Amino acid sequence: MQRPIQAQNGRKIEGAIQTDASINPGNSGGPLLDSHGRMIGINSQIESTSGSSAGVGFAIPVNIAKRIVPLLIRDGEIRRPKLGIAPRDVESLGKQMQLPVSSGVLVVSVQPGSPAANAGLRGVVQTEDGDLELGDIIVGIDGEKVDTNDDLYKILDKHKVGDNINVEVFRQSRRTSVPVRLTEAPTQRRNGRE
């Protein structure tokens with residue numbers, strides 16, 4: 001059965017294979033084989049309520065590995081495009097404040113020098129009166145609907161550094177499209193930030 005799982009960095013991995021095969025400490029990264037001996041996944045993690053090795057195991061599908069491994073060999077790392085924003089799901093904020101849309105991703109802040117900053121995406125700002133002015137709310141990318149942060153990451157994962165995308169935002173009571181050229185965000189996870 002395939003289902004999304006959460007990676008250690010908080011991002012979702014789509015289409016993980018749920019397995020009854022035992023995944024013990026030390027054999028993560030080993031192959032998950034089907035009944036014909038064909039590799040169908042790479043054992044990745046276990047969901048355990050007790051903290052032991054007993055629980056539900058998950059493997060990364062081999063088609064994802066086939067896409068990622070050559071990049072790791074060539075570059076030594078995976079270069080994922082990022083917008084360079086601090087996002088919040090609109091749905092999670094709906095009970096705290098009145099927003100103009102019921103779903104999407106609110107841009108709380110924008111990293112200077114990031115693709116989002118270069119494209120003119122706007123985060124939440126405080127006015128001189130002390131009021132908060134709402135930032136852009138991302139509702140789609142290239143015609144695909146964005147309801148949550150997970151949707152945003154799933155769409156970005158389909159792209160690579162250097163791609164151009166159209167980010168559909170709700171800004172000041174109207175919907176507009178902002179062209180963004182994807183690059184790596186200026187700060188990487190290895191420095192402790194997303």
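Please work out which residue is nearest to Gln6 (Cα to Cα), limiting yourself to segment 39-52 and to residues that are modelled with pLDDT of 85 or more and open to solvent by 40 Å² or more (accessible area, probe 1.4 Å). Among them, the one singled out is Ile42.
In segment 100-111 there is no residue that is without any contact (Cβ under 8 Å) to a residue 60 or more places away in the chain and either farther than 30 Å from Ser173 by Cβ or among the acidic types (Asp, Glu) (or both). Check whether at least one residue in segment 166-186 is in contact with a Leu (Cβ under 9 Å, 6 or more places away or on another chain) and loosely packed, with under 14 Cβ neighbours inside 10 Å, and report yes or no. Yes, because at least one residue in segment 166-186 is in contact with a Leu (Cβ under 9 Å, 6 or more places away or on another chain) and loosely packed, with under 14 Cβ neighbours inside 10 Å.
In this structure, Lys160 qualifies as at negative phi, part of a loop (DSSP other than H, G, I, E, B), in contact (Cβ under 8 Å) with a residue 24 or more places away in the chain and out of contact with any Phe, Trp or Tyr (no Cβ under 8 Å at 6 or more places or on another chain). Within segment 26-43, residues that are closer than 17 Å to Lys66 by Cα have Cβ atoms under 6 Å from residues that are of a type in the set (S, T, N, Q) and part of a loop (DSSP other than H, G, I, E, B) in these pairs: Asn43/Ser28, counting only partners at least 6 apart in sequence or on another chain.
On inspection, Gly55 qualifies as surrounded by fewer than 16 Cβ atoms within 10 Å (Cβ to Cβ) and farther than 20 Å from Gln172 by Cβ. Quick check on my filter: what residues within segment 121-154 are part of a loop (DSSP other than H, G, I, E, B) and surrounded by 12 or more Cβ atoms within 10 Å (Cβ to Cβ)? Scanning segment 121-154 gives Leu121, Arg122, Gly123, Val124, Leu134, Gly135, Asp136, Asp142, Val146, Asp147, Thr148.
Glu91 meets all of the listed conditions (1) at positive phi; (2) in a helix (DSSP H, G or I) but one, namely (1). Is there a residue being assigned to a helix (DSSP H, G or I), open to solvent by 50 Å² or more (accessible area, probe 1.4 Å) and of a type in the set (Lys, Arg) anywhere in segment 72-83? Yes. When the criteria are applied in full, Thr148 meets the requirement of being in contact with a strand residue (DSSP E or B) (Cβ under 6 Å, 6 or more places away or on another chain), under 30 Å from Ser28 (Cα atoms) and among the polar types (S, T, N, Q). The set of residues in segment 1-17 that are surrounded by 15 or more Cβ atoms within 10 Å (Cβ to Cβ) and modelled with pLDDT of 75 or more comprises Ala16, Ile17.
The values are calculated or read from the model by the stated rules, or taken from the named source; none is laboratory data. All figures in this text were calculated on a predicted structure; none of them were measured in a lab. When we count neighbours, we look across all protein chains shown, and the Cβ atoms used for this are built from the backbone with ideal geometry, even at glycine. Ligands, DNA and RNA are stripped out before the accessible areas are found, and what is left, the full protein with its side chains, is counted by its heavy atoms. Shrake-Rupley method; radii C 1.70, N 1.55, O 1.52, S 1.80 Å.
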